[in-house]
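In what follows, a structure is listed as structure tokens, so that the remarks can point back to it.
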Amino acid sequence: MTLLRRLLLCLLMIMMVNGCASFNSYREDGTLSMTGLQQPVKVVRDEKGMPYIYADNLPDAFQVMGFVTAQDRLFQMELTRMVTAGRISELVGEKALPLDRRMRTIGIRRLAERQARLLQNDSTTYFQAYIDGVNTFIESYPEDHHLEFKLSGIQPTPWTLTDVLSIMYYMSWSTSANIKTEIITQMLIDRLGPEKAAELFPLNINPDETAGRTPVQPLPPDCPLATFPESDRDLMGYLDDSPLTVGSNNWAVSPERSPGAKPILANDPHLDARILPGPWYPCGMMTPELRIVGAHIPGLPAMPIFRNDALAAGITNAYADVQDLYVETLDPSDAGRYLEGVDSIPFEIIEETLRYKDDEAPEGYHEEKLTIRITKRGPVISNVFSHLETERVLSLRWASAESMTSSAEFTRTMQAQSAESFREALRQWKTIQLNFVFADRQGNIGWHVSGALPIRSTGDGTVPYAVRDGRDNWSGWIPFEDMPQAQNPAKGWVGTCNHKTVGADYPYYYSSYFASSYRYQRLKALMTSQPEIFVDDHWRFQRDTRNLMAEAFVPRMTAALAAHADTRAMGDILSEWNFQDDVDLVAPTIFHAIYDHWATCVFQDELGEALTRSMLATWYFWQERFQSMVEQGQSPWFDDVRTDDTRETLADMLYLAAQDARRDLTNRFGKDMARWQWGRAHTIEYVSPIRRSGFGKGLLGGGIHPAAGSGETLHRGQYDFNRPFDVSFSAALRMVADLSDPDKVLAVIPGGISGRVFHPHSQDQIDAFVSGEKQYWWFSDEAIAAHTRSELILRP
């Protein structure tokens, strides 16, 4: 392309941006009408475009919350709705069919429909008000619809209670992680046999106990399942269905350790935050009975992260085990039935039709028929793909499908006025298993796990359960009062980092899948580093890049690298490292590259490439186990079984990994190690949902940014093991709420308020998020008024 053509193209892009910005907006000032309101409602927006809703009652406030959320995020809501319904291939084509098949098979929308029929009207008042607000925007103000609808060729349709509940179940599915453990353990068993596979089963550590790592118990030698290789490939798809997976850090500090003599609460939920404008939608609601600022997932009108006039709350994923895979046996005389001992039971059959976009098709779409088989435990997931041939089938059981009630008052937590009333309101959160940390102005701090968790008669849920008869391995539900929790501990703080929180004396099986302990160990160190912790300290802690895993491994790395001339320079850089994963340092790049290659070298000879990649991509499954092997210094896994005449050692594996890492980094950044800075290798790219790749991605997106931290630091920057080092999992919001501050809450998101391409508030918080600049949610009337940039009146 000639220079002149490039200049003309740039000029065209600038004109396009300026023009589009003017017609991809909505009315923020003036007066609009809204059917269903009891009284006029005022919406003011601040310098970030964040809305604050002033209403005379809560139903009106929730209705307008739905309206303003639709103003900013309706296209994002539509995409989420299509995913949950298994319809996203209608938009993006055949490549999305595997996801749609899995979503239809899991049956998220079927569960939402069943829940909607079950709910009592008085428990859906605020949900319905929110839905009415969304639909007012859709039906009454089509001229304000997002430009993205025109660009993608779809039209928004009215929302229903089922749509809202679908997002709730989608969040629940995304936070239910144990299916990953069961799939990987089963693949290991298939490859190695039960005894050898058990050597790689997860080790879990509760850093508040001194007993060390807790291994998952080995399997009996007669493990029943044997799948074909095709099964492994198809089941691997279920490892990738959690875009809303909540990782995260949260903590609260008692008033005795806070300068303002009131608790301070901090939360940074970790999600895939790369798609603009980000997954969370912040807003405020001010009514006579409630003053609240917080964030919710667009489409689900419940704020799990908030500060109201009495307390604050934040979440992390609790990683409770609420999923089981079951080995079913087909009736050999009738493939339409399965066996429970001698009993033959017919599958429930559901026929679905999938449509996927194809511009060359006569009507623009092709159709595909999908047959779903349902057992008493749940849907069969091992035959989603027609080419799989096996006499055994795997069905999926999910606690959320069996713990429905006639009430779903998720908004009750938002209205809580004390730690005790908040804890009581958590009883409504049966569908999602989260670590809620909370603090009130009376000085109480606490933590409690939400959701329904089954009691297993077998005492474990790590591997698929073989159905031999009609007995149920779920014998009940853990009582709410017995769920993991803490209140006002003597140490003066509570916190969770997705780590194992239950002790050896916990009377129930809770889970075998937890985050590695490094982040929580670092949080403990920071919490004990000073007697009084200021707001700025909490803000700094959320961006802390100290890597405790590196501290454990680097001494062995440097020793091994120093023994060879071609890796000695890398070892020298590591030996001088302060263990901070900072963007201007070279050592983090060298460490993470060697670590990843090291793990691959250790396991690939016996597991093969595909299984190794699947296991290592699930970081929490293997990291603590790997560290235990290294600390012991010897392991049969360090020997490469492909070399008959040599027995490799840990140091040999490290040297091989260092050579591989040096070659990769040299190919990528050149021979000069000074150019191997972490911020050049470890980056995050913010993209538009309508242009994630190819020409125009840079124009519509938020750019590529150096990313500090890693998967093992409080400042989260986790990447896909198989795609180093592009960040795919990071903080999607940072919030610090000082309950002694009447005016504001520290908070920032990695995108913006608006989900409209070219809108001035679609990505205006990215720079502040990356740099650590302070942003605020305003709380008092005075602070809101001082920062008001627009005012809209909605009248009945």
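Say the cut-off is 24 Å between C-alpha atoms; which of 42/430; 430/491; 262/491; 180/430; 491/744 go over it? Provide the component values of the computation, followed by the final result.
On the way: 42/430 34 Å; 430/491 30 Å; 262/491 16 Å; 180/430 22 Å; 491/744 27 Å.
Correct reply: 42/430; 430/491; 491/744.
Candidate cross-link partners of residue 671 among the aspartates and glutamates, defined by an alpha-carbon separation under 19 Å and a same-chain spacing of 8 or more, comprise 566, 572, 584, 660. For the pair residue 789 and residue 191 in one chain, pulling the backbone fully straight at 0.36 nm per residue adds 209.1 nm over the alpha carbon distance.
Helix-only estimate, please: 222 nm mean residue ellipticity of the chain, summing -39500 (n - 2.57) across DSSP H runs of length 4 or more and dividing by its residues, to the nearest 500.
Result for the chain: -10500 deg cm²/dmol, rounded to the nearest 500.
Using θ = phi - 60° in the Karplus curve 6.51 cos²θ - 1.76 cosθ + 1.60, the 3J(HN,Hα) couplings for region 529-541 round to 7, 7, x, 10, 10, 7, 4, 4, 5, 4, 4, 5, 4 Hz; x is entered for Gly and Pro. This structure gives Cα extents along the principal axes in Å, computed directly, and of [x] 82, 69, 68; [y] 82, 68, 61; [z] 115, 70, 49 that value is listed as [x]. Taken about its Cα centre, region 399-445 carries a charge dipole of roughly 60 debye when the Cβ of each Lys and Arg holds +1 and the Cβ of each Asp and Glu holds -1.
In a fully extended conformation the segment linking residue 578 and residue 471 would gain 33.0 nm over its present Cα-Cα distance, using 0.36 nm per residue.
Amide H to amide H distances under 5 Å link residue 405 with no residue, where only residues 5 or more positions off or on other chains count and H is placed in the peptide plane. Taking Cα centre as origin and charging only the Cβ of basic (Lys, Arg, +1) and acidic (Asp, Glu, -1) residues, the dipole magnitude of region 310-469 rounds to 900 debye.
Using r as the Cβ-Cβ distance of residue 644 and residue 442, and R0 as 60 Å, what FRET efficiency do you calculate, to the nearest 0.05? For R0 = 60 Å, the calculated efficiency reads 0.30.
Here's the picture: charge each Lys and Arg Cβ at +1 and each Asp and Glu Cβ at -1 in the chain, and of 465, 107, 729 the one pushed furthest to the positive end of that dipole is 729. Positive contributions from Lys and Arg (+1) and negative ones from Asp and Glu (-1), summed over other residues with Cβ under 12 Å from the Cβ of residue 701, come out at +3. Using a basic spin-label model with each label point 7 Å from the Cα along Cα→Cβ, how many nm lie between residue 774 and residue 35? Each label point lies 7 Å from its Cα, and together they span 4.7 nm.
How much of the accessible area of the chain, probe 1.4 Å, is carbon plus sulfur, in whole percent? Carbon plus sulfur share of accessible area: 50 percent. In this simple spin-label approximation, residue 540 and residue 720 carry label points 7 Å from Cα along the Cα→Cβ vector, and these lie 3.7 nm apart.
Rounded if a/c is under 1.5, else prolate if a/b beats b/c, else oblate: with a ≥ b ≥ c from the C-alpha gyration tensor eigenvalues square-rooted, which is region 477-554? Note, shape of region 477-554 comes out oblate. Bridging of residue 369 to aspartates and glutamates at a Cα separation below 15 Å is possible for 90, 94, 100, 351, 352, once same-chain residues fewer than 8 apart are set aside. Put simply, the amide H of residue 331, placed in the peptide plane, has neighbours under 5 Å in 337, 338, 339, leaving out anything fewer than 5 places away on its chain. Charges were assigned to the Cβ only: +1 to each Lys and Arg, -1 to each Asp and Glu. The resulting dipole of the chain about its Cα centre is roughly 1180 debye. Put simply, the amide H of residue 309, placed in the peptide plane, has neighbours under 5 Å in 291, leaving out anything fewer than 5 places away on its chain. Protection proxy ranking of 465-471, 305-311, by the mean of other Cβ atoms within 10 Å over each peptide's residues and highest first, is 305-311, 465-471.
The values are calculated or read from the model by the stated rules, or taken from the named source; none is laboratory data. Computed from a prediction, not measured in an experiment: that's the story for all the values here. For neighbour counting, all protein chains shown are included, and Cβ atoms are generated from backbone atoms with ideal geometry for every residue, glycine included. Keep in mind that these areas ignore ligands, DNA and RNA; they rest on the heavy atoms of the full protein, side chains included. Shrake-Rupley method; radii C 1.70, N 1.55, O 1.52, S 1.80 Å.
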